[in-house]
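A quick write-up on the structure given underneath.
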Amino acid sequence: MKRVTPALTLGLCALLASSVPAQAGERTTDSYGTKAVYEARQDTRTYQRAPRGFVPVFTENVSRHGARSATDSEDGDLILALWDKAESEGELTRKGRGFGPRVRALLDAMATVGYGNLSGRGKREIQETAVRAEQRLPGLFDRIAADSERIDVVSSGQGRAVDSGNLYGAALAAADPDLAPLIGPTRTDKDLLYFHKAAGGAAYRDYIANDQRLATTLKTITDQPATHRAARSVLREIFTDDFVRRVTDGEFSSIGSDVDAAEAVYNLYAIAPAMSDESPGGRGWDMRGYISRHDAAWFGYLGDTEDFYEKGPGFADSDITYKMADVLLDDFFRQAEAKRAGTSTLGAELRFTHAEEIIPLAALMGLPGSTEPATPDQPYTYADNPWRGASVAPLGANIQWDVFRKGDAYLVRMLYNEKETSFKAGCRPVSKGSTFYDLNELERCFGRVKPGLLTERVSTAAKARP
């Protein structure tokens, strides 16, 4: 690995210092990062109609699991250790007195759900997404039932992804009971849907563990004066000024630094909406009272920074963060091509995975918000880069391809978080402003067709086009 020089670190600091003020003023939802809860991005009544004569014959998706509890109690344990100390010494603010009981109730709720498991909201998100998919394509699912085509459900094998697949399939069956016998049990394919931990992700894991440029960039962006100011601001909502000074001075270093403590508060704030169904009366946990909008936006930016450099577009001169997602994009094409070739017995291919797969796939495909990597003279900031974890990969995020047929021609429509979405620049839709693309054109655009086959396929498609 190339050694990162002090000059590079100083240069990065200078660039960031000039862009810090632009981090404020973001949408509130952005401050939740990839823990943002799911919302469909388009009204189902506003989708474009397929070109005349084309009917849906296949659908496939990849979905992040639904909203979940935190993966462990570490954040709650850390901040409660400080809170207990402050309470015993009378060093809590009036607002802070209610913080400890609220955190303990939230931790109890997450322990009941099971750390890392789907919450009640997460289960509903997945079920509702399935119902909307069936409603968007009623002719397709009627045809699947009539022709006894299979619906394949596959997951990463991790509990929350398996549960999401099971819930999605059950919701389809509830919406149309004729589909029930056609929906297979959720199977596991780690190479496809947990590739960052599979054999294909070895180089990526080495990058995360050993790349000095990555480590230096993340440390430089995180360890700014703005971070320490935001940390002290967060802690002053809960603890007295004197106690915050003691935390900042390292008196409680065995528990954590001021930034560690503030990040723990932020992480609880970020996960709370996912646990809304488990809150008293289902009214929510309202952790917003303990962190200002500005401070939440700052810590949300720091979380987005880590995801951007570790999973997303990353550095402009490297594709290490997203190259491994090709196995998943290849499967999307392979399934659509098998349908065209008449070799597939499937009516739908449903995949369930994690942010670690959705984020690099979005970068690989050039989806909206994932098209701009960082350069040495332009590090990632909210001011200069559209990438936001809350938009790219919220809990329940999904990418769906619907395949339509007319004669020998096959068109594909893509939905990203249920919004009609154009394919990357250079891919030509069937007409200006259309969200439908000829499958042959997508193969050309993504470099999947050998030159000798391209003319033949384009000619065939042109004859069948409306």
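Brief remarks follow.
- Summed over the stretch 76-119, residues that are among the small types (G, A, S), more than 16 Å from D277 (Cα to Cα) and part of a helix (DSSP H, G or I) total 7.
- Exactly one residue out of G426, G433 is under 26 Å from the mean Cα position of the chain (by Cα) and of a type outside the set (S, T, Y): that is G426.
- Subset of the stretch 54-105 that is out of contact with any Phe, Trp or Tyr (no Cβ under 8 Å at 6 or more places or on another chain) and acidic (D, E) - its residue that is farthest from E356 (Cα to Cα): E87
- Of the residues making up the stretch 446-453, not a single one is more than 30 Å from A296 (Cα to Cα), outside any loop (DSSP other than H, G, I, E, B) and either in contact with a Phe, Trp or Tyr (Cβ under 7 Å, 6 or more places away or on another chain) or modelled with pLDDT of 95 or more (or both).
- Single residue of the stretch 195-239 satisfying the filter (surrounded by 15 or more Cβ atoms within 10 Å (Cβ to Cβ) and of a type in the set (D, E)) that is farthest from W83 (Cα to Cα): D211
- G139, sole failed condition from (1) closer than 25 Å to P273 by Cα; (2) at pLDDT below 95: (1)
- Hey, F243 touching an Asp or Glu at 6+ places or on another chain (Cβ under 7 Å), modelled with pLDDT of 95 or more and outside the structural domain of L140 (by TED's automatic domain parsing) or not: yes
- Residues being of a type in the set (D, E) and either farther than 27 Å from P56 by Cα or buried (at least 23 other Cβ atoms within 10 Å of the Cβ) (or both) - total across the stretch 306-340: 5
- Close contacts from the stretch 82-101, counting a first residue that is of a type in the set (S, T, N, Q) and a second that is surrounded by 12 or more Cβ atoms within 10 Å (Cβ to Cβ) and at pLDDT 95 or above, with Cβ to Cβ under 9 Å and a gap of 6+ residues or different chains, come to T93/F99; T93/R236; T93/E237; T93/I238; T93/F239; T93/T240.
- Looking across the stretch 262-298, the residues that are assigned to a helix (DSSP H, G or I) and of a type in the set (F, W, Y) come down to Y266, Y269, Y290, W298.
- Filter result for the condition that a residue is assigned by TED's automatic domain parsing to the domain that holds I358, modelled with pLDDT of 95 or more, in contact with a Phe, Trp or Tyr (Cβ under 9 Å, 6 or more places away or on another chain) and acidic (D, E), over D163, D147, D191: D163
- Residue match in the stretch 393-401 (condition: surrounded by fewer than 21 Cβ atoms within 10 Å (Cβ to Cβ) and either at pLDDT 95 or above or of a type in the set (G, A, S) (or both)): no
- Residue within the stretch 163-184 that is out of contact with any helix residue (DSSP H, G or I) (no Cβ under 9 Å at 6 or more places or on another chain) and outside any helix (DSSP H, G or I) present: no
The values are calculated or read from the model by the stated rules, or taken from the named source; none is laboratory data. Just so we're clear, the structure is a prediction, and the values are computed from it rather than from any experiment. Quick reminder, even Gly has a Cβ in these numbers, built from the backbone with ideal geometry, and neighbours come from all protein chains shown.
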